[in-house]
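Okay, so here's the structure we're looking at.
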Amino acid sequence: MNEPVTVTYSIEEMFSRLEQKMDKLEGKLDKQTEDIATIKATLQTQQPLIQKIPDLAEKVGELKNWRQIVIITVTATVSGVIGWFIRGGTFKP
């Protein structure tokens with residue numbers, strides 16, 4: 001049924017292999033830690049810019065309103081000039 005299992009590795013070999021694997025994992029962990037630190041630093045430098053987004057959105061909304069006002073003004077001016085030419089280009093009522 002159950003046959004005994006024989007281990008061909010010595011305990012020292014197993015420990016050395018485990019240490020090698022742990023060293024590799026520690027290297028990967030160090031690299032990830034550095035990457036996280038870089039990302040945090042980038043976010044910290046961009047934080048003031050992120051806080052300005054609502055103000056910029058409000059200003060863009062105001063610009064859209066000004067654009068509509070300008071379009072209405074230009075349209076009214078052009079319509080007035082065309083009407084003036086149709087009436088004969090005089091200032092008489």
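Read-outs: derived from the displayed coordinates by stated rules, not from any lab. Worth saying up front: this structure is predicted, and the values here are computed from it rather than measured. Counting neighbours? That spans all protein chains shown, and the Cβs are built from the backbone with ideal geometry, glycine included.
Give me the three principal axis extents of the stretch 1-51 from the C-alpha atoms, as integers in angstrom, largest value leading.
69, 27, 7
Under a GNM of the chain (C-alpha, springs under 10 Å), which listed residue has the highest mean-square fluctuation: 71, 82, 39?
Checking each option, the largest mean-square fluctuation is seen for 82.
Could you give the longest part of the chain that holds none of the chymotrypsin sites (Phe, Trp or Tyr not before Pro) found in DSSP loops with at most 11 neighbouring Cβ atoms within 10 Å? Could the numbers behind the result be given before it?
Details: sites that count: 9, 91.
Maximal segment without exposed cleavage sites: 10-90.
Tell me the trypsin sites (Lys or Arg not before Pro) within the stretch 34-76 that lie in a loop according to DSSP and have at most 16 other beta-carbon atoms within 10 Å. Please list the in-between numbers first.
Values: sites: 40, 52, 59, 64, 67; in loops: 52.
Taking the stretch 34-76 and a limit of 16 other Cβ atoms within 10 Å, the loop trypsin sites (Lys or Arg not before Pro) found are 52.
Based on the Cα gyration tensor of the chain, what are the three equivalent ellipsoid semi-axes, each the root of five times an eigenvalue, rounded to whole Å and given largest first? Don't skip to the answer; put the middle values down first.
Numbers: eigenvalues 1369, 62, 18 Å².
Equivalent-ellipsoid dimensions as semi-axes: 83, 18, 9 Å.
When the convex hull of the Cα atoms of the stretch 52-93 is projected onto a plane and the area is averaged over all directions, what value comes out in nm²?
Details: hull surface 13.2 nm².
In nm², the orientation-averaged hull projection of the stretch 52-93 is 3.3.
Please get the size of the charge dipole for the chain, origin at its Cα centre, with Cβ charges of +1 on Lys and Arg and -1 on Asp and Glu, quoted in debye to the nearest 20. Intermediate values should be presented prior to the final figure.
Working: 12 positive and 12 negative charges, 297 e Å.
Approximately 1420 debye in magnitude.
Rank 27, 80, 61 by mean-square fluctuation in a GNM of the chain with C-alpha springs under 10 angstrom and give only the top-ranked residue.
Of 27, 80, 61, the Gaussian network model singles out 80 as fluctuating most.
Take a quick pass over the chain and tell me how many lysine pairs come in under 22 angstrom between Cα atoms, counting only ones 8 or more apart or on separate chains. Don't skip to the answer; put the middle values down first.
Working: 21/31; 28/40; 31/40; 40/52; 52/64.
The result is 5.
For the chain, set up a GNM with springs between Cα atoms under 10 Å and report which of 76, 37, 57 has the largest fluctuation.
Its mean-square fluctuation being the largest, the pick is 76.
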